[in-house]
Amino acid sequence: MTQRVALATVMDRLSIDAVITDYAVAVDEGAWDACTALFTPDGRADHRGAGGAESSAAEGVRWLAESLRLLPVRQHLVVNRRLDLEDLGGYPGDHARVRADYLRPTGPAPADDGAAAPVFLTGGRYEFELRRTDTGWRIRRLIAHETWRCAPTDAG
C-alpha cells in the first residue's frame, strides 16, 4: 500500500466515522432534516428491531421524530465501532460497513422546579452500510437492533 493509498484510507475512515457521529447528534438534537440528508437518495432504515418498520430513510426518520417526540432529552452514544472498508486490491472502494453498539438515555423535558425527571435507557447495535457519493459518504442502509431497555420504576 502506497502512502497516498494509506492516507486515502485513513481519510475515508475519518469521514465515515463523522457520518455515524452526525447521525447520533442529529437524532439527539431532533435535527430531522439533517438526519435525512445523511442518507443516500435510495437509503433505507430498518427499525424493526426497535419497534418500528423497515422503510425508506425519510419514513424511518419521520418514525424516529414521532416516537421520540415525548422524550426530547437525548444523549445518543455510539461506541465500539467496527468499520470494514471495501478493498479493491489494496485500494479503498466506495462501500463500507460499520457495526457499532449504542446506548441511548432519553427522558422528558426537565421540570421547572428542577425536580429529577425519569430516565429511560435503551441499548443495542447498529449496522450501517455506507456508500461514497459525489457529496461524500452517505448511509445506504441502517439497521437498528435494540437488545435491551430499562424504564424507571415506581419503587423508590
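Among what's in the range 107-156 and is closer than 30 Å to Pro92 by Cβ and free of Cβ contacts under 8 Å to residues at least 40 places away in the same chain, pick the residue that is most open to solvent (accessible area, probe 1.4 Å). It would help to see each step written out before you state the result.
Keep residues of the range 107-156 that are closer than 30 Å to Pro92 by Cβ, which gives 124-145.
Checking the rest, the ones that are also free of Cβ contacts under 8 Å to residues at least 40 places away in the same chain come to 125, 127, 129, 134-135.
Numbers: Arg125: 99, Glu127: 57, Glu129: 61, Asp134: 165, Thr135: 102 Å².
By that ranking, first place goes to Asp134.
So if I check each of Val98, Val61, Val78, which one is open to solvent by less than 50 Å² (accessible area, probe 1.4 Å) and part of a helix (DSSP H, G or I)?
Values: Val98 fails: part of a helix (DSSP H, G or I); Val78 fails: part of a helix (DSSP H, G or I).
Just one listed residue meets the conditions, Val61.
Pairs, please: C-beta under 7 Å, at least 6 apart or cross-chain, first residue within 13 Å of Glu29 (Cα to Cα) and in the range 69-86, second of a type in the set (Gly, Ala, Ser) and assigned to a strand (DSSP E or B)?
Leu71/Gly107; Val73/Gly107
Taking only pairs six or more apart or across chains, which ones have beta-carbon atoms under 7 Å, a first residue in the range 39-57 that is among the aromatic types (Phe, Trp, Tyr), and a second residue that is open to solvent by 10 Å² or more (accessible area, probe 1.4 Å) and in a strand (DSSP E or B)?
Phe39/Arg138
Assuming Gly93 fulfils every condition listed in (1) surrounded by fewer than 17 Cβ atoms within 10 Å (Cβ to Cβ); (2) within 30 Å of Ala111 (Cβ to Cβ); (3) at pLDDT below 95; (4) of a type in the set (Gly, Ala, Ser) apart from one, which condition is it?
(2)
Which of the residues spanning the range 1-45 are among the aliphatic types (A, V, I, L, M), open to solvent by less than 30 Å² (accessible area, probe 1.4 Å), out of contact with any Cys (no Cβ under 8 Å at 6 or more places or on another chain) and part of a helix (DSSP H, G or I)?
Initial filter on the range 1-45 (among the aliphatic types (A, V, I, L, M)): 1, 5-8, 10-11, 14, 16, 18-20, 24-27, 31, 34, 37-38, 45.
Checking which are open to solvent by less than 30 Å² (accessible area, probe 1.4 Å) leaves us with 5, 16, 19-20, 24, 26-27, 38, 45.
Add one more test, that the residue is out of contact with any Cys (no Cβ under 8 Å at 6 or more places or on another chain), and what stays is 5, 16, 19-20, 24, 38, 45.
Val5, Ile16, Val19, Ile20, Ala24, listed by residue number.
The values are calculated or read from the model by the stated rules, or taken from the named source; none is laboratory data. Since we're looking at a predicted model, the values are computed, not measured. Methodologically, a virtual Cβ is constructed for each residue, glycine included, from the backbone with ideal geometry; neighbour enumeration extends over all protein chains shown. These area figures cover heavy atoms from the full protein model, side chains too; ligands, DNA and RNA do not enter into them. Shrake-Rupley method; radii C 1.70, N 1.55, O 1.52, S 1.80 Å.
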